[in-house]
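Just below is one structure, and these are the notes that go with it.
Read-outs: derived from the displayed coordinates by stated rules, not from any lab. All values reported here derive from a predicted model rather than from experimental measurement. Cβ: placed from backbone, ideal geometry, glycine included. Neighbour counts: every protein chain shown.
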Amino acid sequence: MVESETTSTARGPAGPASGGIAVDLHGVSRVFDGGVVAVESIDLHVEPGQFLALLGPSGCGKSTILRLIAGLDRPSRGEVSRSPSSSSAAEHAPIAYVFQDAHLLPWRDVADNVALPLELRGIGRARRRQAAARAIERVGLGDAAGRYPAQLSGGMKMRASLARALVTSPDLLLLDEPFAALDEITRHELDDELQRLWRERGMTVVFVTHSLVEAAFLAQRAVVLSRRPGRIVLDRVLALPVERSAALRTDPGFAREMRALHEALERGTAP
Amino acid sequence: MSRRLLHAVLPPLVPLVALALAAELAVRAGWVRAFLVPAPSTVARTLYREAESFRALALDTTAASLTGFGLAVAAGIAIAVALSSAVWIQRAFYPYAVFFQTVPIIAIAPLLVIWLDFDRTVPASAFIVSVFPVIANTLAGLLSTDPALRDLFRLYGAGRMATLWKLRLPYALPSIFTGLRVAAGLAVVGAIVGEFITGSGIGGDIIVARQQQRVDRVFADLLLSALLGIVLFSLINLASRLTLRHWHASERAGAEEL
């Protein structure tokens, strides 16, 4: 936990192997029918393999930005672009999205839920079962592969949802307040899990949260949005070690970063 | 298992037996005249003595109800899928689907006899009254697909057909079963009404028995038609429970419904 371990660039020398794609938002605004401006003039460049936290008050357009990045929504003005994916294999989908709730299909067991993205991309049964089994193992759900969502706890459902996102080896993982509904301990567990998966796989991660602690604990870089219409109030590379451990949460450097984020959040929330 | 069955069957039997006993007593004591309300024992005797004719009538009505119901399920789901495919289609055609709900079947049935023939009138009548609940509930289910899951399917490039089969229809299943439960009972009602006109099956027998002042036979017919409705309803419930057993705790425990 020494200062010298931190780096000024987003990626430290001990950072994950590069496997992600870059994302660019250029002057992006999104106005909904009825004239509600969700986000306004957003300029944001996410480096390949970077772990970015997107913070802001409720209704500030964090989810809108995520949907725009995913291509699930189009900007009213401006441009969203992503660098091309390194792989064009059918098993591989460039983008994965994790929602606030697990959103599993209740009529499918965990293995079939996790295999769904591959099924939709036309991968044969044997190959997708194999890939699903690996993804399930990776998130620590190995013994629950045959269970149905109704038989899982909230944390296990979220793990299954994470496995479903990872099964296609995405270059870009988008998470929309994924662990917000979980209890504190389960959330910490899943935060650790996500950190580990990111270090192993090196995909680009954009993580929407309204928890300062979670943002500071997970991300290399934090972007704070103002309340609606969402504008960027702070864009800060966190001066924290790449390797995060539970001890970090009590580190003075951690407190300093938290304060910076907190001040930005207050500035953005003030009328 | 047998204990659970007992718990399911015993409670509804209590009021039935109580009512039957009360009716028996009322008739035997002369409080109610037997040509208005037959004694339950008389109805039972009629059912037993004339079992052969009742069996044929019940078979007729069952076949017609099932045919009408089956058509209503197939057509209702197909219509709902078509209606859900675009907002303008829904706006243009849904009001006409409501027609099926409001149509006075007793007024239409004579027309059916003219348009179709006697054989097809009864299933057609069952179809007409039972198709709307299937359409309405399936449509509601199809329109309530979780938006997050729709996004997920889009993200992985799923086409319309894949989204329909793997997401929207399965997601609508609880709703569809609600529609089927309502439709099952209505199909029997529709069939009986159709038979009033054609003179066949249980419905036809009710008319004949009434003209012959055979209240015992009318009651036996009523009992049979109610039984048919209950059996259909229970079969739908069973199918629903088996299909949705993984969905939530209530279907697994199978507690509340009949």
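Sort the range B:53-106 into rounded, prolate or oblate with this rule: let a ≥ b ≥ c be the square roots of the eigenvalues of the Cα gyration tensor; rounded if a/c is under 1.5, and if a/c is not under 1.5, prolate when a/b is larger than b/c, oblate otherwise. Could you put the intermediate results ahead of the total?
Working: a/c = 8.22, a/b = 2.37, b/c = 3.47.
Cα axes put the range B:53-106 in the oblate bin.
What value does chain B have for Rg/Rh, both radii from Cα atoms and Rh as Kirkwood defines it? Walk me through the numbers before you get to the answer.
Working: Rg = 21.9 Å, Rh = 20.7 Å.
That ratio is 1.06, to two decimals.
Relative to the Cα centre, what is the charge dipole magnitude of the range B:122-258, using +1 at the beta carbon of each Lys and Arg, -1 at the beta carbon of each Asp and Glu, and rounding to the nearest 20 debye? Mind showing how you got there, number by number?
Numbers: 12 positive and 9 negative charges, 94 e Å.
The dipole of the range B:122-258 has a size of about 460 debye.
Which ordering of B:Val87, A:Val213 is given by a fewest-first count of other beta-carbon atoms within 10 Å?
B:Val87, A:Val213
Could you give the radius of gyration (one decimal) and Dmax (whole number) of the Cα atoms in the protein assembly as shown, in Å?
31.8, 104
How do B:Phe219, A:Phe51 line up, fewest other C-beta atoms within 10 Å first?
Details: B:Phe219 22, A:Phe51 30.
Ranking B:Phe219, A:Phe51 by Cβ neighbours within 10 Å, fewest first, gives B:Phe219, A:Phe51.
Diagonalise the Cα gyration tensor of the range B:1-48 and give the resulting equivalent ellipsoid semi-axes, square root of 5 times each eigenvalue, largest first, whole Å. Write down the numbers at each step before the final one.
Numbers: eigenvalues 162, 30, 7 Å².
Whole-Å semi-axes of the equivalent ellipsoid: 28, 12, 6.
Let me have the relative contact order for chain B, percent, based on Cα pairs under 8 Å that are six or more residues apart. Don't skip to the answer; put the middle values down first.
Details: 304 pairs, mean separation 61.6, N = 258.
Relative contact order, chain B: 24 percent.
Multiply the residue separation of B:Asp119 and B:Ile230 by 0.36 nm, subtract the distance between their alpha-carbon atoms, and state the gained length in nm to one decimal.
Values: separation 111, 0.36 × 111 = 39.96 nm, distance 2.44 nm.
Additional length available on full extension: 37.5 nm.
How compact and how long is the range A:124-271, expressed as Rg and Dmax of its alpha-carbon atoms in Å?
17.1, 56
Amide H of B:Leu244: which non-local residues (sequence gap of 5 or more, or other chain) have their own amide H closer than 5 Å, using H built in the peptide plane?
Hits under the 5 Å cutoff: none.
If you place +1 on the Cβ of every Lys and Arg and -1 on the Cβ of every Asp and Glu, how big does the dipole about the Cα centre of the protein assembly as shown come out, in debye to the nearest 20? Before the final figure, lay out each step's value.
On the way: 54 positive and 48 negative charges, 140 e Å.
With only Lys, Arg, Asp and Glu charged at Cβ, the dipole is about 680 debye.
With a cut-off of 8 Å between alpha carbons and a minimum separation of six or more residues, what is the relative contact order of the range A:181-271 in percent? Walk me through the intermediate numbers first.
Values: 80 pairs, mean separation 24.1, N = 91.
About 26 percent, as a whole number.
Tally Lys and Arg at +1 and Asp and Glu at -1 over the other residues with C-beta under 11 Å from the C-beta of A:Arg67: what net charge comes out? Don't skip to the answer; put the middle values down first.
Numbers: positive: A:Arg30, A:Lys62, A:Arg74, B:Arg154; negative: A:Asp73, A:Asp176, B:Asp151.
Around A:Arg67, the surrounding residues sum to +1.
Connecting C-alpha atoms closer than 10 Å in a GNM of chain B, tell me which of B:Asp117, B:Asp151, B:Asp221 has the biggest fluctuation.
It is B:Asp151.
Could you give the C-alpha radius of gyration of the range A:113-193 expressed as a fraction of 2.2 N^0.38 Å, taking N as the number of residues it contains? Before the final figure, lay out the partial values.
Values: Rg = 12.7 Å, N = 81, 2.2 N^0.38 = 11.7 Å.
Normalised by 2.2 N^0.38 Å, the Cα Rg of the range A:113-193 equals 1.09.
Could you tell me what a quarter of the Cα convex hull surface of chain A works out to, in nm² with one decimal place?
Values: hull surface 58.2 nm².
Directional mean of the projected Cα hull area for chain A stands at 14.5 nm².
Along each of the three principal axes of the Cα atoms of the range A:204-271, give the extent in whole Å, ordering the values from largest to smallest.
Here the spans come out as 36, 26, 16 Å, largest first.
In the neighborhood of A:Asp191, defined by Cβ-to-Cβ distances under 9 Å, what is the net charge if each Lys or Arg adds +1 and each Asp or Glu adds -1?
Values: positive: A:Arg187, A:Arg244; negative: A:Glu189, A:Asp192, A:Glu193, A:Glu214.
Every neighbour counted, the sum reads -2.
D for the range A:179-227, whole µm²/s, Stokes-Einstein with Kirkwood Rh over alpha-carbon pairs at 37 °C and 0.692 mPa s: what number?
Values: Rh = 11.7 Å.
It diffuses with D of about 281 µm²/s by this estimate.
What number, rounded to the nearest 500 deg cm²/dmol, is the helix-based mean residue ellipticity at 222 nm of the protein assembly as shown, given -39500 (n - 2.57) per DSSP H run of at least four residues and division by all its residues?
Dividing the helical sum by the residues of the protein assembly as shown leaves -19000 deg cm²/dmol.
In percent, how large is the relative contact order of chain A, given Cα pairs closer than 8 Å and 6 or more residues apart? Intermediate values should be presented prior to the final figure.
Working: 568 pairs, mean separation 78.7, N = 271.
Relative contact order comes out at 29 percent.
Work through the residues other than B:Phe196 whose Cβ is under 13 Å from its Cβ and net out their charges, Lys, Arg +1 and Asp, Glu -1. Can you show the working numbers first?
Details: positive: B:Arg210; negative: B:Glu195, B:Asp205, B:Asp221.
Once positives and negatives cancel, what remains is -2.
Sorted from fewest to most neighbouring beta carbons within 10 Å, what does the list A:Trp107, A:Trp198 look like? Mind showing how you got there, number by number?
Values: A:Trp107 19, A:Trp198 24.
Exposure proxy ranking, most exposed first: A:Trp107, A:Trp198.
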